[in-house]
1. Exactly one condition in (1) surrounded by fewer than 16 Cβ atoms within 10 Å (Cβ to Cβ); (2) in contact with a helix residue (DSSP H, G or I) (Cβ under 6 Å, 6 or more places away or on another chain); (3) at pLDDT below 95 is false for residue 57; which is it?
2. For the stretch 26-54, name all the residues that are under 23 Å from residue 112 (Cβ atoms) and surrounded by fewer than 17 Cβ atoms within 10 Å (Cβ to Cβ).
3. Can you name the number of the only condition in (1) within 14 Å of residue 109 (Cα to Cα); (2) outside any helix (DSSP H, G or I) that residue 46 fails?
4. Residues of the stretch 111-148 being surrounded by 17 or more Cβ atoms within 10 Å (Cβ to Cβ) and either touching a strand residue (DSSP E or B) at 6+ places or on another chain (Cβ under 6 Å) or outside any helix (DSSP H, G or I) (or both), which ones?
5. Residue 103 fails exactly one of the following numbered conditions: (1) surrounded by 13 or more Cβ atoms within 10 Å (Cβ to Cβ); (2) not in a loop (DSSP other than H, G, I, E, B). What is the number of that condition?
């Protein structure tokens, strides 16, 4: 599987610029960087990663049925490219459709520890801060949606702060 970074909450102009900068800095490392649409936060992490890999295999900017878009440079006040609607993963509940993540989040798939640390070192140069949540895809969290993953990361942060 190719190395993939999924970005959640990077859908404003600043986020689009940061996503593009991250894509440019990781290009030589053969990393796929994709921004996930809010409408697709309810989908499983695994389905989003699979769509990113499939879209890259087709050499297109996005998968026809995915909620992912390739990071593109913002131009003329525009944000990133508009992806197509999603049809995969679990269906969104009415409550999830308008729900927002409480923080921006990056999900890393198929990275070795060394590769992950190397990319994390690039993040500050892209404007990605320590406040942005970060996670690696695991067998357990691959079945979660973005909301559950975000809640889990925030809970881990709370526990770590209490221990220190």
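The values are calculated or read from the model by the stated rules, or taken from the named source; none is laboratory data. Predicted model only: the values in this text are computed from it and were never measured. Every residue, glycine as well, gets a Cβ built from its backbone with ideal geometry; the counts of neighbours run over all protein chains shown.
1. Of (1) surrounded by fewer than 16 Cβ atoms within 10 Å (Cβ to Cβ); (2) in contact with a helix residue (DSSP H, G or I) (Cβ under 6 Å, 6 or more places away or on another chain); (3) at pLDDT below 95, only one is false for residue 57: (2).
2. Listed by number, the residues that qualify are 27, 28, 29, 30, 46, 54.
3. Condition not satisfied by residue 46: (2).
4. Within the stretch 111-148, 111, 128, 132, 133, 134, 135, 137, 144, 145, 146 meet the criteria.
5. Failing condition for residue 103: (2).
Results for (1) out of contact with any helix residue (DSSP H, G or I) (no Cβ under 9 Å at 6 or more places or on another chain); (2) in a helix (DSSP H, G or I); (3) at pLDDT 80 or above, shown as yes or no for each residue.
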site	(1), (2), (3)
78	no, no, no
88	no, no, no
96	no, yes, no
155	yes, yes, yes
161	yes, yes, yes
